[in-house]
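Novice: To start, I am sharing the structure in question, which I have written as structure tokens.
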Amino acid sequence: MSKDINKEKNGKRGNNKKNVKSKNTEGKSPLDKVQPPNIFSNVFFYIFILIAGYLLFGLLFPQNFISEERPISEVMTLIQEERVQNVTVAGDTVEVLLKDGTMFKSTKEEGVSFSEMLANNQIDPNKVSGEIKVENRIGLVQVLSPLLMFGLPVLLLFFIFRQMRSAGSDILSFGRSRAKMFNRDHPKITFEDVAGNEEAKTEMKEIVDFLKNPEKYRKLGARTPKGILLVGPSGVGKTLLAKAIAGEANVPFFSVAGSEFMEMLVGVGSARARDLFRMAKASQPSLIFIDEIDAIGRQRGMGIGGGHDEREQTLNQILIEMDGFDPRTDVIVLAATNRPDMLDPALIRPGRFDRRITIPMPDLKDREEIIKIHMRGKPFSDDVKLDQIAKRTVGFSGADIENMLNEAAILAARANKEKVDMRDIEEASLKVTMGSERKTLQTEEERKMTAYHEAGHALVASCVPDMDPVHRVSIVARGGSLGHTAFPPERDRYNETRTRLLSIIATMLGGRAAEDVVYNEFTIGAADDIDKATKLARKMVASYGMSPLGPISYDGREGNPWLAREFSEPTHSQEMAAKIDAEVRRIIDDAYNRAKAILTEQREVLDRITQKLLEKETIEGEEYQSLLTTV
């Protein structure tokens, strides 16, 4: 099925006469309100600025500018010698002005007045030419001490209460739905933006007709479907199809992910579910879309170590809300998942999700339509052929195709081209599937071993039945591999035969067989090939029934089907497990010996392909076929 194209078209504004206001922005709940500014926080901010300014001013411009300090005994001596003009006493500080204009300060004994000190030293106060002044100055510490003592706790309490109030409002807002709302004022997505997938779109059009003309169905006693479950692999366009229904029906569309219901506080998920359905009912006719519903819709009471209370409460609330729909309520729930086997049976039964629409990977025709849409707005050269791209993208989802064409445009721009050509698309396809080219420092012997390895894959594929033609052989490192051999399917296959599977296993082991034939040595480069070949052979025996053990499934597990395999018990005995291992070993050994025999017989061709790889690093399909003329 196609990954629907993420291109949105501008829709016409509709007059929404329901309770949903057109001014609601995307992603906001109608319950959200704008909070007025808090003037008290501004007042305390200015008070803080004033205090900081006063402290800074006091530090930079102190009231006492006298820097020289002398002992108090010298002050007594100068007064006795009648050299003092004025004396100013401020607390324990004594400021002295001499007749010659010199100023200094001194510190007297604490608790003793200046006049008592003169009397104790038998000095006549009249020997001071000017006057002796006593001042009561208020220091910076005296001002700040009561302010900090009483003001700081008040400020602290204020901010504590303010945070408690905001925290309380946040707790209350936990129960609000986090659904994003797309109403009639937003750009719409229609079925024209969804390429391919005609069967699914046909079923979707019925849902649109339900929302547009509900009375037509009610006259015949039909009720509106309550739920529609979209099932398919990632990237095929389940979310875009849901948006297309809302765009075609021109109704409010509430979109939310299953994980957005989950919070640490128990009961929040169910509260959000109630709020979501309340909003949808107030805006009916409307659509609710829950993406990745398996996050909250898993089977209840089957978790490892007990269930998850919050998830189960949320699921129960959704079940209740869907059961509580009035027959005249025009609210349809859409849900998407790529793991339908994990869903609770109560959720997917008729009456909750009445329809189940499967969206598969796109076929050849669908891929062509997807490519056409994604080619819009991009200049392509004349050598770009849609049918060739569609044939070489077997197994690609719509998201993969979009990513491939985007990478092709980036590669063309990097090379300062005016148009995207077929070579850019080929490189982008490899980059999406295998990764970018990387420079790997190899010795000449390592390059030669890699070339023999890839040539072994290609030559075995050309000599076994039911294999697709070799499209490219390369020893250019990409991703985690030092080379690759590509033989993309010529057509979409929906079934496989035993003969073809055995040929695939032999092709996978062709690289290891080439190392054995040429060098009588093995490398670690075949590890991934061996792993894939072993898994395929085990499926042939345990799942597909393609062995002498008979058409019996030995791959089943008792217990919950979606639990990890290591937590469930096998359904066969240890003796049967040994027989399965023996059959897997026999299939692998036969395929390996078959590949080794082919390469031994065709050693001259193997050397020829290897030599060409060492010269050019990459051999395309036509050139490769010319090297097989003597086969």
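The values are calculated or read from the model by the stated rules, or taken from the named source; none is laboratory data. As the structure is a computational prediction, the values presented were derived from the model and not from experiment. Backbone-built Cβ (ideal geometry, glycine too); neighbour counts: all protein chains shown.
Novice: I need a count of the residues in the stretch 384-403 that are under 21 Å from the mean Cα position of the chain (by Cα) and acidic (Asp, Glu).
Specialist: Here the count works out to 2.
Novice: Could you list all residues from the stretch 219-236 that are touching a strand residue (DSSP E or B) at 6+ places or on another chain (Cβ under 9 Å) and not aliphatic (A, V, I, L, M)?
Specialist: Thr224, Pro225, Lys226, Gly227, Gly232
Novice: Out of the stretch 491-519, which residues are of a type in the set (A, V, I, L, M, F, W, C) and within 17 Å of Ile609 (Cα to Cα)?
Specialist: Those that are of a type in the set (A, V, I, L, M, F, W, C) and within 17 Å of Ile609 (Cα to Cα): Ala513, Ala514, Val517, Val518.
Novice: I'd like the residue in the stretch 222-268 that is among the charged types (D, E, K, R) and under 30 Å from Ile401 (Cα atoms) and, out of all such residues, is modelled with the highest pLDDT.
Specialist: Step one: filter the stretch 222-268 for residues among the charged types (D, E, K, R), giving 223, 226, 238, 243, 248, 260, 263.
Next, from what is left, pick out any that are under 30 Å from Ile401 (Cα atoms): 238, 243, 248, 260.
Values: Lys238: 84, Lys243: 80, Glu248: 79, Glu260: 73.
Here the answer is Lys238.
Novice: While we're on this one: So in the stretch 286-300, with the set limited to residues that are closer than 14 Å to Val333 by Cβ and not acidic (Asp, Glu), which one is surrounded by the fewest Cβ atoms within 10 Å (Cβ to Cβ)?
Specialist: In this case the residue turns out to be Ser286.
Novice: A further question follows. Would you check which residues across the stretch 89-103 are crowded, with 16+ Cβ neighbours inside 10 Å and among the aliphatic types (A, V, I, L, M) and list them?
Specialist: Scanning the stretch 89-103 gives Val89, Ala90, Val94, Val96, Leu97.
Novice: So in the stretch 589-623, with the set limited to residues that are of a type in the set (D, E, K, R) and not in a helix (DSSP H, G or I), which one is nearest to Ser503 (Cα to Cα)? Full working, then the answer.
Specialist: So in the stretch 589-623, the residues of a type in the set (D, E, K, R) come out as 589-590, 594, 596, 601, 603-604, 607-608, 612, 615-617, 620, 622-623.
Keeping just the survivors that are not in a helix (DSSP H, G or I) gives 617, 620.
Numbers: Glu617: 26, Glu620: 22 Å.
Per the stated criteria, the residue is Glu620.
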